[in-house]
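In what follows, a structure is listed as structure tokens, so that the remarks can point back to it.
The values are calculated or read from the model by the stated rules, or taken from the named source; none is laboratory data. The model shown is predicted, which means the values in this text are computed figures rather than measured ones. Note that we place each Cβ from the backbone using ideal geometry, even for glycine, and neighbour counts take in every protein chain shown. Just so you know, the surface numbers come from the protein's heavy atoms only, side chains and all, with ligands and any DNA or RNA stripped out. Shrake-Rupley method; radii C 1.70, N 1.55, O 1.52, S 1.80 Å.
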Amino acid sequence: MATSIIAAEAEAPVVVLGEGLSFWGGVDPASGQVIDAHHPDCGAALAGRIVMMPTSRGSCSGSGVLLELALNGHAPAALIFREAEDILTLGALIADRLYDRPLSVLRLDADSYAALAAKPAARITGTHVEAEGLSLPLTPLSGDLALMPGDRAMLSGTEGEAARLAMEIIGTMAAAQGATALTDVTRAHIDGCIYASPANLTFARTMADMGARVRIPTTTNAISVDHANWRAQGVPPAFGDPAARLADAYVEMGAAPSFTCAPYLLDAAPATGEAIAWAESNAVLYANSVLGARTVKHPDFLDLCIALTGRAPLSGVYLEENRRAGRVIRVELPEAHDDALWPMLGYLAGKLAPDRIPLLTGLEGTHPSEDDLKALCAAFGTTSAAPMLHVAGITPEAGLAPAPGADEARITRADLARTWAQFNAGPPEVDLVAFGSPHFSAAECRKLADLVVGHHCHPGTAAIVTLGRDTLAATRADGTLARLEAAGIRIVPDLCWCSISEPVFPPAARTLMTNSGKYAHYAPALSGRAVRFGSLADCVAAALTGRAPDTPPDWLT
């Protein structure tokens, strides 16, 4: 079966990606080339090709990258998926509906996908996908969506053009997801405020100029500049001005200027069972997995549509039956491990469960902190498209019986050692230590301050913590900020490592070290620098000495 989700004609060579890809951090928005250094198809050119992949993965911001590619003429000719996919589909939908840049999006069953993937080129018409010796009839996307009176009022335009457009987009995505109803959500978190490309500002201003206003409490993700200080920091106005205007556009639409990628650290975190609408992959994973709240991994731009309406497609992990594990991963737990275990576990679990929710077992005797679980979720989100994971004996819904047909996999000490080596390909001399991906919590700031007390950073090594405004205020109030600054550690609010740019990112740095599995994955493509990875204590040692450990930690050897 072949379903046409967004109809457009195309004829081009076929590029088959062996695994899912995050367009944000994985594709150059100016050229359409794959830049994810850890992806098997790194270097592949996607512009003008019919691109096939099982599904996407990683950041919710991929929709913005695809929109930018559509607007600058470097988008794929078509996208073809084998599994459900929302992020790139939404980017293509916005390109079509708002900017008249149609881009075909199809979903094929496994046999049809395999047959087409074997062909060097294909043609997509209004009714078929055709290749040498192959003709697949296309079924148009359809759905029977039950709407409440308030939904119909918005769809009719009586509440403004922005609300009408938002409800139209939600309806199309609901059909793509197989939803037959919408659900109320209590709050939203906007990820599209990161200035990943000019398209993000183009979309935000389009909606704000229509008079868009959020109707539920809405927070904003980390942005791409320190909003109050970017000029003093020497950020070029050509970047700083549009990045700040993008943030301002969302505030103009009624969102709170929280500017954090860790909204679960804010006061009044979502409750167990609460239906919310969050974008930002690590936040979605933490909300579902650790808090037991309910949110689909909403793409950029759909997050705003839901904030404008208070309604989301009732699909995915909003439904109890879709929160069950599809794979049980048995972990061989090394003795005497440190906090570097958790991001590496998340990274490996995502590789083993790229398209399904896993249940991790073998960790029942551990006592991870909230920050350990934050690191686990963030790293998992770089390698998996799944919106949550379970950890037996630790996370609140780990007791749910696995789904029928769930299979098993294993993570061994050797797997962890290979991941450590993958994350430590750079030279041992470290110019920069990056803390705060996702944003550091107040507890992490205090722990870091305790580790550096009485010491100062190496003169050739910069150390930077990125965090949210609320955390900055808390650390200033309890004296932690002063202790960190006394050790030579720089604190930067609002932005995060996945959105930082020079000169806030030290231009002279050639090798960075981080305790974040998420940033260890994305940093080579985003920063162009070599990377080292280790525990918080290892990162502190590198900040003080200018050198990373030469060998893996003892618990891996």
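Structural remarks
- In summary, strands (runs of 3 or more DSSP E) completely within the range 92-142 and bearing 3 or more residues that are surrounded by fewer than 17 Cβ atoms within 10 Å (Cβ to Cβ) and at negative phi occur at 134-140.
- Among residues of the range 1-43, those that are touching a Gly at 6+ places or on another chain (Cβ under 8 Å) and without any contact (Cβ under 8 Å) to a residue 24 or more places away in the chain, counted: 4
- The listed residue being open to solvent by 80 Å² or more (accessible area, probe 1.4 Å), within 17 Å of ARG311 (Cβ to Cβ), modelled with pLDDT of 95 or more and of a type in the set (Lys, Arg), out of ARG164, ARG152: ARG152
- Considered as a group, the residues in the range 339-356 that are of a type in the set (A, V, I, L, M, F, W, C) and touching a strand residue (DSSP E or B) at 6+ places or on another chain (Cβ under 8 Å) include one that is most open to solvent (accessible area, probe 1.4 Å), and that residue is LEU352.
- All conditions in (1) at pLDDT below 95; (2) assigned to a helix (DSSP H, G or I); (3) open to solvent by 10 Å² or more (accessible area, probe 1.4 Å) hold for ALA84, with the sole exception of (2).
- For the range 423-442, a residue qualifies if it is closer than 16 Å to PRO493 by Cα and surrounded by fewer than 21 Cβ atoms within 10 Å (Cβ to Cβ), and exactly one does: ALA442.
- From the list ARG476, ARG490, ARG529, the one residue that fits, being modelled with pLDDT of 95 or more, surrounded by fewer than 19 Cβ atoms within 10 Å (Cβ to Cβ) and closer than 22 Å to ALA421 by Cβ, is ARG529.
- Members of the range 316-325 that are closer than 22 Å to PRO217 by Cα and open to solvent by 10 Å² or more (accessible area, probe 1.4 Å): TYR318
- Long-range neighbours under 7 Å by Cβ, at least six apart or interchain, first residue free of Cβ contacts under 8 Å to residues at least 40 places away in the same chain and outside any loop (DSSP other than H, G, I, E, B) within the range 348-376, second β-branched (Val, Ile, Thr) and surrounded by fewer than 20 Cβ atoms within 10 Å (Cβ to Cβ): THR361/VAL328
- Among the candidates TRP230, TRP278, residue that is at pLDDT 95 or above, crowded, with 23+ Cβ neighbours inside 10 Å and under 19 Å from the mean Cα position of the chain (by Cα): TRP278
- Elements of type strands (runs of 3 or more DSSP E) in the range 1-75, at least 3 residues being more than 24 Å from ALA279 (Cα to Cα) and open to solvent by 10 Å² or more (accessible area, probe 1.4 Å): 10-16
- Selection over the range 179-191 of residues that are surrounded by fewer than 16 Cβ atoms within 10 Å (Cβ to Cβ) and under 23 Å from the mean Cα position of the chain (by Cα) gives a count of 1.
- Within the range 228-280, tally of residues that are among the small types (Gly, Ala, Ser), within 21 Å of ALA473 (Cβ to Cβ) and in a helix (DSSP H, G or I): 2
- Selection within the range 290-309: residues that are touching a strand residue (DSSP E or B) at 6+ places or on another chain (Cβ under 7 Å) and open to solvent by less than 10 Å² (accessible area, probe 1.4 Å). The member of this set that is nearest to LEU265 (Cα to Cα) is THR295.
- When we screen LEU291, LEU308, LEU333, LEU314 for residues that are modelled with pLDDT of 95 or more and in contact with a Gly (Cβ under 6 Å, 6 or more places away or on another chain), the only hit is LEU333.
- Residue pairs whose Cβ atoms lie under 8 Å apart, sitting 6 or more positions apart in sequence or on different chains, and linking a residue in the range 470-493 that is without any contact (Cβ under 8 Å) to a residue 12 or more places away in the chain and closer than 19 Å to HIS227 by Cα to a partner that is part of a strand (DSSP E or B) and among the polar types (S, T, N, Q), do not occur here.
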